[in-house]
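Below: the structure, in structure tokens.
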Amino acid sequence: MKNPNRFTQIFYCLFVGILALGCSTSKSVVASPTPNLEIDIIPKPQVLTIDNGVYEVPKQNTVSYSGTSQDAAVLLNTLLQSVNVSSNIQATSNRANFKLIQDQAFAQELGDEGYILDIKSNGVTLTSAGAAGLFYGIQSLKQLLPSGVENGAIASKNIVLPQLHIKDVPKYSWRGNMIDLARSFFGVDYLKQHMDRMAFYKLNRLHLHLTDDQGWRLELKSKPLLSEIGGKSAVKGGRSGFLTTEDYKELQAYAKERHIVIIPEIDLPGHIYAALVAYPELNCEELTNLNPKMATPPDFYDGYKVGWSKLCLTNPAVYDFVAEVLKEVSELTDGPWVHIGGDEIDDDLYETFVVKADSMVRSYGKVPIGWEEMSKADVSKEFISQRWNAKTTPKHKSKVIESICTSFYFDHANVTGQEQTNNWCQKAGVSLEDVYHFNDKEDEIIGVEAPVWSELVLTDAMMDNRLWPRLMAVAEVGWSASHDDFNDFLKRLRAHESRLEALNIEYHPLPELN
Ligand code: ACM
């Protein structure tokens, strides 16, 4: 038996009758009923019961679907064709050997994202209440197929699946990561490829840090100079550029097909120098809102320092600017959330400002998110706080996205001493094990998110290196009911190396994987 959790293991022992052979809950003595078939699903499913036997995928297959699950049928059909068998779709067919069932009757048990996957001697049945559940069930099924499905390199002639039962429901609704496009730009192609990878590991939130001192990365029709001028700068050695509104819409459509929501961040009222170059009227008269030793308009800023620029909060024009920007960003955004930053700034009017910004976002129909500093102000009850250094005492309780830097700051080193990484939060870096052992005991947490700040992350390969494989640990922390067996995670991770390679992910080669 591969990777059973304790409950599954006991269940298996009791009901398959191996007790007589001395079955115990110790992993090493449990005989594998399917010796040639690894089950190494990441993130670990909630319940996995392995039956004795296999299902050999025939040369001719039929996928049936119920209700509105045609998209999932197309996805599964394509997946089957990619393993060199033929497959067709029939809406409701009793003879189908791959059955997709989407039924609201399972909503209570499975939520929108959960699924039940049964592989038996006569075929495969995948059941869910929502479209996301079927999508995630198909990702699990994909992980049971050879890694060659990722790049069309299927060597084996016979495709064999283990007979099993999985019932799987995520722990948290928020399982994500943040990419800083502002210091160094990452464009549409990289972000699409990244979302394919995220979806494969059941990650569902992509937070884009779009604005900072070093650049402004989203075109807004109401304020064209933000990207026209602010899109030209970057951190030293980093890439400049910006997403057009069409790019942003395209990315959101791509995300939606993969059950990912994009969260735009416009960082306010600090981290704002690129906007101050584009619209210098947002400065105070004597530039008291800046540290002129860093830069003054019209010069760009390409350094690493934070906390030295802010909007001039005594200037009424600033509030009109912020309202217009947040309105357009809200209108452009499909998802329910808009992130308004709020980090690392000192100003007597800070709290007044963030309360106003929170209220603006809500008036444009979105839920505001901000870095934890915002929670010291009298923000709304809808506000979601993103914890990063745990230094803020919140005024009220609110929902929390957990990004505590000791576990989730992936601009920090994978291994101690790694070049081009930060270490201000934790000298030794943030190891895979630090991520995996995140202690998530608090009630208000709605999920986890790993940010990658890009002051020192200048290329796609470097971004891959910071994200992978640590993001697989985020996936497991965010999805799986428990994450207390790091060695078991490593064993499964090792089995995923060929998949990471097939997906062209330039992951960090961890010593743990050797
Ligand atoms: C942050 O790291 N300034 C949120």
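Using the number of other C-beta atoms within 10 angstrom as an exposure proxy, rank D213, D358, D347 with the fewest first. Walk me through the numbers before you get to the answer.
Values: D213 32, D358 23, D347 16.
So the ranking, lowest neighbour count to highest, is D347, D358, D213.
Can you compute the helix-only [θ] at 222 nm over the chain? Use -39500 (n - 2.57) per DSSP H run of at least 4 residues, normalise by all residues, nearest 500 deg cm²/dmol.
About -9000 deg cm²/dmol.
Once amide H atoms are built 1.01 Å from N in the peptide plane, which residues 5 or more positions from I42, or in another chain, come under 5 Å H to H?
Placed amide hydrogens put nothing under 5 Å from I42.
Over region 475-514, one equal point on each Cα, no solvent: what is log10 I(q)/I(0) by the Debye formula at q = 0.26, 0.29, 0.34 Å⁻¹?
-0.99, -1.07, -1.13
Using R₀ = 41 Å, calculate the FRET efficiency as 1/(1 + (r/R₀)^6) where r is the Cβ-Cβ separation of E497 and D299; round to 0.05.
Details: r = 46 Å, r/R0 = 1.12.
That pair, E497 with D299, gives E of 0.35.
Whole-Hz ³J(HN,Hα) for each residue in region 129-138, computed from phi via Karplus 6.51 cos²θ - 1.76 cosθ + 1.60 with θ = phi - 60°, x for glycine and proline: what do you get?
9, x, 4, 5, x, 4, 4, 5, x, 5
For V367, enumerate residues with amide H under 5 Å from its amide H, sequence gap 5+ or separate chain, H modeled in the peptide plane.
W337, V338
Checking a compactness column here: for the chain, what do you get for Rg(Cα) / (2.2 N^0.38 Å), N being the number of residues?
Details: Rg = 24.4 Å, N = 514, 2.2 N^0.38 = 23.6 Å.
Expressed relative to 2.2 N^0.38 Å, the Cα Rg reads 1.03.
Shape of region 325-410 from its Cα gyration tensor (a ≥ b ≥ c, root eigenvalues): rounded if a/c is under 1.5, otherwise prolate when a/b > b/c, or oblate?
Values: a/c = 1.78, a/b = 1.29, b/c = 1.38.
Oblate.
Work out from phi, with θ = phi - 60° and the Karplus expression 6.51 cos²θ - 1.76 cosθ + 1.60, the ³J(HN,Hα) of each residue of region 378-388, listed in order in whole Hz, and give x for Gly and Pro.
Along region 378-388, the couplings run 7, 6, 6, 6, 6, 3, 10, 9, 9, 7, 9 Hz.
Report Rg/Rh for region 438-503, rounded to two decimals, where Rg is the Cα radius of gyration and Rh the Kirkwood radius. Don't skip to the answer; put the middle values down first.
Values: Rg = 13.9 Å, Rh = 13.7 Å.
The Rg/Rh ratio comes out at 1.02.
Please give me the summed charge of the neighbours of T459: other residues whose Cβ is under 15 Å from its Cβ, Lys and Arg +1, Asp and Glu -1.
Values: positive: R183, K236, R239, R466; negative: D180, D189, D411, E419, E455, D460, D464, E506.
So the environment of T459 carries a net charge of -4.
Which of the lysines could a cross-linker bridge to K397, judged by Cα under 26 Å and excluding same-chain residues fewer than eight apart?
K171, K356, K366, K376, K381, K441
Sort K157, K356 so that the residue with the fewest other Cβ atoms within 10 Å of its own Cβ comes first and the one with the most comes last.
Ranking K157, K356 by Cβ neighbours within 10 Å, fewest first, gives K157, K356.
What is region 291-442 by shape, rounded, prolate or oblate, if you read a ≥ b ≥ c off the alpha carbon gyration tensor as root eigenvalues and call it rounded for a/c under 1.5, prolate for a/b larger than b/c, and oblate otherwise? Don't jump to the answer; show the numbers that get you there.
Numbers: a/c = 1.98, a/b = 1.30, b/c = 1.53.
Here region 291-442 falls in the oblate category.
Among H165, H412, which comes first, then next, by fewest other beta-carbon atoms within 10 Å? The partial results should precede the final answer.
Numbers: H165 17, H412 26.
Placing the least packed residue first, the sequence is H165, H412.
Tell me, in nm to one decimal, what length is gained between K427 and K157 on full extension, where the rule is 0.36 nm per residue of separation less the Cα-Cα distance? Numbers along the way, then the final one.
Working: separation 270, 0.36 × 270 = 97.20 nm, distance 4.96 nm.
Net length gain for the segment: 92.2 nm.
Taking the alpha-carbon distance from K427 and a cut-off under 22 Å, which lysines remain once sequence neighbours fewer than 8 residues away in the same chain are dropped?
Correct list for K427: K305, K391.
Using only the Cα atoms of region 102-181, build the gyration tensor, take square roots of its eigenvalues as a ≥ b ≥ c, and label the shape rounded, prolate or oblate: rounded if a/c is under 1.5, else prolate if a/b is larger than b/c, else oblate. Provide the component values of the computation, followed by the final result.
Working: a/c = 2.82, a/b = 1.18, b/c = 2.40.
In terms of gyration-tensor shape, oblate.
Quick one: 3J(HN,Hα) in Hz for region 194-210, Karplus 6.51/-1.76/1.60 with θ = phi - 60°, rounded, Gly and Pro as x.
Rounded to whole hertz, the list is 5, 5, 4, 5, 4, 4, 4, 9, 6, 8, 10, 10, 10, 8, 9, 7, 8.
We did not get these values from a lab; they are worked out from the coordinates using the rules stated. What you see is a predicted model, and the numbers here were worked out from it, not measured in a lab. For neighbour counting, all protein chains shown are included, and Cβ atoms are generated from backbone atoms with ideal geometry for every residue, glycine included.
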